[in-house]
Amino acid sequence: MRRPIFAPSQGRERRARVVIVCAIGSLGFGKEIVLTPARTFVEDDAAVTRALSEEVTRSMKELHLGDSPRPYYVAYAVSDMEQAVATATFGALTGAYGYRGRTLRTDVRVGDPKFDNSNTPESVFAGNVESLPVDDDWAALRRELWLRTDEAYKNAIEALAKKTSAAAVQASRDGDGDVPDFSQDKPAKIIVPFPGGAPEPDQLSDVVIRLSAVAREFVEIAGSHVTGTYSTVRRRLVSSEGAASDEKRGTARVDVVAETQASDGMRLVNFVTFTALTPSGLPSLIDMQKAVRHMASELTAMRNAPIASNGAASILFEGVAAGQIAKLLLGDNLAGTPAPRTASGSEERGQTSDFAERLGQKVAAPLLTVVDDPLRDMGPGRVPLFGAYRVDDEGIGSERVTLVESGILKGLLMTRAPRKEIAHSNGHARATRFGGPRALVGNLIVSGKLGTPRGALTASALRGEMARVAKSEGLRSYVVRLLDDPTVPGIASGDEGASMFSIGGTGRSAPSVKPLVVYRLNPDGKEELVRGLTLEGLVPRSLKDIVAMGKEATVYNYQEGGAGFVGIPSSVVTPSLLFTDVDVRRSIGKNRRPPLYPRPGF
């Protein structure tokens, strides 16, 4: 272990009073906004904030090693995570527990904004994240900050030395040598009022027990798993540039999963998810029970449904499935972060997005418009949006960004790593619990172009358009209402679920997309439930095959990169999407034999 470069702070603990003044940059269009907190900061809160501010100042002043460059930028982000989880099956509680943790992400940059230690293959995954004491003890926090800053600085010096040795190659890379490594953006200063209170398992236990009991009514259901999760994350960020933010965000969700088997042994799964910002914001118990019964009835009906046929088809993605497919084809491919360069000057293409080099080009059907708006708190039907935030994980105010307009790529999601076409961040740097910031969606909002004949159709008109397309092109027609998602607790418990496509994937390849709930639209206009199919070849360029869109939009809330406080709360708001000429394949695989005799009665 390398010895620390400079000594820990010997400052004496003192009492401090915190004054809250917020200047929100782009949010307030340069004006200063004062937010009155919903509670008074106690001394413990002051200890954390003061420790961050004092160590930033000390590091910028004292941290150096011989002739090596001093840091030109230091930032700390402290995240306090609290989570309550309750699980149940068939009316019985199977678990109830809580978690509390605190992490520190340290960013130390050496060199200068034009050329620093970032943008290398090693730095892509170097989140510099460590655990911190959960007690608000000023001395303990200062010691951890000192050690983590010292280590991050040494790593930064080494990274800069390696990068400098390849400077000649770096400068000759496709004319991009003049693009700086770190954009000069106005730091945000914001403290968002929030109530106190920690998540408790008891807040969800009764809900999961009563929702899981619904499965008792359906003798065909062999397995059921209900998970209720309430997570809160409070993030405090301080930087040497003057950024100062303190935000807290809560997410509550209940996932109800059920499974059964057809007579041929095919495993069939269905689920329904309820989301809100707090447990009290979830739908009423009666409404949730009604939705669970519908899900269970649909699942049991699948046991006798016919298996779909191979061939090409027009596919209408409705409801949650529309948000899932939009996330796959759009949300995973809009990052503008430039690809890291290796010492040989080659690009690490695996770290960039499919659309990054296509600004100004057609990437979708002309009727499609897409924006990302983290400043929007509510979606259609007053459904809270998980992806709302005010300051990103680099201390920059979030912005509404037009990404696709009439099918043309107009913008990208940017961090403070600029590219030759976009010089500044638009506040979309977001970090998972154990990772560094990267460009990700907040609230991705998909809509049809106003005035376009097929851009905002009713449900019946969409089916009419689908029938017309199918007849003119000789295609089958399917309505998909739910896709497989192994990130949902209980989904990936079987052989089939573990091998299928995850909505949390990168979207850079074209894996088989597994629909869970599918209806075949017959020539007489009636819907028939089918099973056992996968969708092939759905890649970002498939957005050009959208021929119609619905009028009513649905909110799809999810956790990017994980569940609970591990993932990044995100949202997609989209109407139904009609694709033409999608390859459909019958699912193949070895089915397990169903149980030899019925389950015990209740």
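The numbers here are math on the coordinates, done by the rules we state, and not lab data. If you're wondering where the values come from, they're calculated on a predicted model, not measured in any experiment. A quick note on method: Cβ atoms are made from the backbone with ideal geometry, for glycine too, and the neighbour counts reach across all protein chains shown.
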The exposure ranking of 225, 64, fewest beta-carbon neighbours within 10 Å first, is 64, 225
Per the 1/(1 + (r/R0)^6) rule, R0 = 25 Å and r from the Cβ atoms of residue 377 and residue 458, FRET efficiency to 0.05 is 0.35
Once the in-chain neighbours fewer than 8 apart are removed, the lysines whose Cα is under 20 Å from residue 410 read 327, 362, 420, 449, 544
Once the in-chain neighbours fewer than 8 apart are removed, the lysines whose Cα is under 27 Å from residue 526 read 290, 471, 514, 551
Once amide hydrogens are built 1.01 Å from N within the peptide plane, the residues lying 5 or more places from residue 487 or on another chain with amide H under 5 Å from its amide H are 503, 504
Length gained if residue 61 through residue 284 is fully extended, taking 0.36 nm per residue and subtracting the Cα-Cα distance, is 74.7 nm
With x for Gly and Pro, the residue-by-residue ³J(HN,Hα) of region 476-483, computed from phi through the Karplus equation 6.51 cos²θ - 1.76 cosθ + 1.60 at θ = phi - 60° and given in whole Hz, is 7, 10, 9, 10, 9, 10, 7, 10
Most exposed first, judged by fewest Cβ atoms within 10 angstrom, 76, 558, 99, 519 run 99, 519, 76, 558
If amide H atoms are modeled at 1.01 Å from N in the peptide plane, then the residues at a separation of 5 or more from residue 407, or on another chain, having amide H under 5 Å from its own are 368
Quick note on 157, 546, ordering by fewest other C-beta atoms within 10 Å, gives 157, 546
Calc'd 3J(HN,Hα), region 307-316, phi into Karplus 6.51 cos²θ - 1.76 cosθ + 1.60 (θ = phi - 60°), Hz, glycine/Pro = x, comes to 8, 5, 9, 5, x, 9, 8, 8, 10, 9
In nanometres, the difference between 0.36 nm per residue of separation and the alpha-carbon distance of residue 359 and residue 139 is 74.2 nm
With label points set 7 Å from each Cα along the Cα-to-Cβ direction at residue 94 and residue 112, the distance between them in nm comes to 6.0
Under the 7 Å Cα-to-Cβ spin-label approximation, residue 68 and residue 147 lie apart by a distance in nanometres of 1.9
Taking 594-600, 308-314, 387-393, 184-190 and ranking on average Cβ neighbours within 10 Å, highest first, one gets 387-393, 184-190, 308-314, 594-600
The long-range amide H neighbours of residue 421, using H built 1.01 Å from N in the peptide plane and a cut-off of under 5 Å, are none
Residue 304 and residue 7 label points (each 7 Å along its Cα→Cβ direction) are spaced in nm at 8.3
